[in-house]
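Every number in this text was worked out from the coordinates using simple rules, so none of it is lab data. As the structure is a computational prediction, the values presented were derived from the model and not from experiment. FYI the Cβ positions are ideal-geometry reconstructions off the backbone, even for glycines, and counts take in every protein chain you see.
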């Protein structure tokens, strides 16, 4: 006999952990939270090693996930022009990417949500989403590091932007802290433990009798009968039934689950031998924040990695920027520049109906290379190199003396911020319900109708809170 729940949440990451935990506040609801990666049920008493591989002890440029390959999905992009492929790191564990990312915790720009409404996301304006950001803030410690703890290059970075006329702000989550500003970058940390959903939302619900967590549970598909989602089938063959299913696999994982379930472009599904149940543009419209790291030489004492990373951010017109200390022995630092927007030309597709098969992920970054989008940010980077804050500290050379067209093909990457592959208005409605399928919702960055103007993690938590309220009928 199949085990039955009121709600099954597929994916325990930045949104799914929030959805499941919040729904379990109602003792009358039974909730099952599934994740393909391992669970750490004793994490509160016996902290996993990755808890202390955080911002002070080797998170590195790509976040802790770079150091823990066994907790990564192993996604790679389709080849860019020239054949280069990009490792698209995503966390495969209970807590998901919220446990392996850089820990930046910033709200979306109010204007982002005006764009969402214009794109058909009725009820997702700033005044609608702000209460759910505030609800996350009641659960999650958000902090900035005091300047006396910053790495030396971070001080030079902030001073250089101020020298260029950028306004100094101390609250990056303020509604007016968006363009022409520089200042401390908020993070979701307490006692140097990153407050991903594993040690926060999942922990608060774990001991409840109405809440079950299953790690190492790879979802094959949602079971759909007569236009209604009735359960979830695991790759192991185990099946659960539920009154409602919420898919929270992220911008790569959620479309893959829907596609295997027969929800997606009918011709593509038929070509893989999957019977279509809903012909929807699942997997199309992939966006990220295209990002490039521009390198400079610096005295070794200014390139030291001692102290927390990702402590300061600058925001310009259509981009954001942060400093990275890279190599204190060789004396190399970097200024990362990321674009807020990308044309929705990317996609996620299945290569096989097998849940364990690799995905085909087209980032469309080749379009970005020749688009001119980095012309402005690169000009700002070169101006930074000429400030007294940089030049007076002997920081310069390398990419400051190179041509942008030489740098981008070799180094353009992503900010680990994929979105929009199951977007509101195209795949789901404003209540996050999949078009044409009853009792099935999607809740994660894949539903963004347009990407937001900075790091996605806090907004994914917000979407989780909003989704829980929608499922509960509030």
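Determine the distance separating the Cα centre of the range 348-423 from the Cα centre of the range 214-231; give it in Å without decimals.
With the range 348-423 and the range 214-231 each reduced to a Cα centre, they are spaced 37 Å.
Relative to the longest principal axis of the chain, what angle (0 to 90°, nearest 10) does the C-alpha long axis of helix 250-260 take?
For 250-260 against the chain, the angle is about 30 degrees.
If eta is 1.567 mPa s and T is 4 °C, what Stokes-Einstein diffusion coefficient results for the range 133-217, Kirkwood Rh from Cα pairs, in µm²/s?
82 µm²/s
Could you sort the peptides 197-208, 3-14, 269-280 by per-residue average Cβ neighbour count (10 Å cutoff), highest mean leading?
Descending mean neighbour count gives 3-14, 197-208, 269-280.
Fully extended, how many nm does the chain gain between residue 472 and residue 173 (0.36 nm per residue separation, minus their Cα-Cα distance)?
Taking 0.36 nm per residue and subtracting the Cα distance, the gain is 104.8 nm.
Count the DSSP beta bridges whose two residues both fall in the chain, then state the antiparallel fraction as a percent rounded to the nearest 5.
70 percent
Can you compute the equivalent ellipsoid semi-axes for the range 299-454, i.e. the square root of 5 times each eigenvalue of the Cα gyration tensor, sorted largest first and rounded to whole Å?
Square roots of five times the eigenvalues give 38, 17, 16 Å.
Would you mind getting me the FRET efficiency between residue 149 and residue 383? Use the beta-carbon distance for r and R0 = 35 Å, nearest 0.05.
Rounded to the nearest 0.05, the efficiency is 0.80.
Could you work out the mean projected area of the convex hull around the alpha carbons of the range 307-364, in square nanometres to one decimal?
Average projection, Cα convex hull of the range 307-364: 7.2 nm².
How much length, in nm to one decimal, is gained on full extension between residue 141 and residue 238, taken as 0.36 nm per residue of separation minus their Cα-Cα distance?
Working it through step by step, the gained length comes to 31.2 nm.
Tell me the Kirkwood hydrodynamic radius of the range 277-383 in angstroms, computed as one over the mean inverse distance between distinct C-alpha pairs.
Every distinct Cα pair counted, the radius reaches 16.5 Å.
Please report, to two decimal places, log10 I(q)/I(0) for the chain at q = 0.05, 0.08, 0.12 Å⁻¹ as given by the Debye formula with identical point scatterers on the Cα atoms and no solvent.
Debye intensities relative to I(0), on a log10 scale: -0.17, -0.45, -1.01.
With the radius of gyration and the Kirkwood radius both derived from the Cα set of the range 126-165, what is their ratio Rg to Rh?
The Rg/Rh ratio comes out at 1.23.
How far apart, in nanometres, would the label points at residue 162 and residue 343 be if each is projected 7 angstrom from Cα along the Cα-to-Cβ direction?
4.1 nm
Run the numbers for residue 47 and residue 411: contour at 0.36 nm per residue of separation, minus the present Cα-Cα distance, in nm.
Result for the pair: 127.5 nm of gain on full extension.
For the range 450-468 and the range 277-336, what is the separation of their Cα centres, given in Å?
Using only Cα atoms, the two centres lie 20 Å from each other.
Is the range 243-308 best put as rounded, prolate or oblate by its Cα gyration tensor, with a ≥ b ≥ c the root eigenvalues, rounded for a/c under 1.5, and otherwise prolate when a/b is larger than b/c, oblate when not?
Prolate is the answer for the range 243-308, as a/c is 1.5 or above and a/b outweighs b/c.
How far apart, in nm, are the 7 Å Cα→Cβ label points at residue 4 and residue 128?
3.4 nm
Contact order normalised by length for the range 339-474, with contacts defined as Cα pairs under 8 Å and 6 or more residues apart; what percent is it?
19 percent
Quick check: from the Cα gyration tensor, does the range 80-127 come out rounded (a/c under 1.5), prolate or oblate?
Oblate.
Give me the one-decimal nm value for the distance between modelled label points at residue 25 and residue 267, 7 Å along each residue's Cα-to-Cβ direction.
Placing both labels 7 Å along Cα→Cβ, they lie 4.6 nm apart.
Under the rule of -39500 (n - 2.57) per DSSP H run of 4 or more residues, summed and divided by the residues of the chain, what mean residue ellipticity at 222 nm is obtained, to the nearest 500 deg cm²/dmol?
-6000 deg cm²/dmol
Give the relative contact order (percent, whole number) for the chain; include only Cα pairs under 8 Å separated by 6+ residues.
Taking the mean separation of contacting Cα pairs over the length of the chain, I get 23 percent.
Checking the a/c ratio against 1.5 first, then a/b against b/c, what shape does the Cα gyration tensor give for the range 191-310?
oblate
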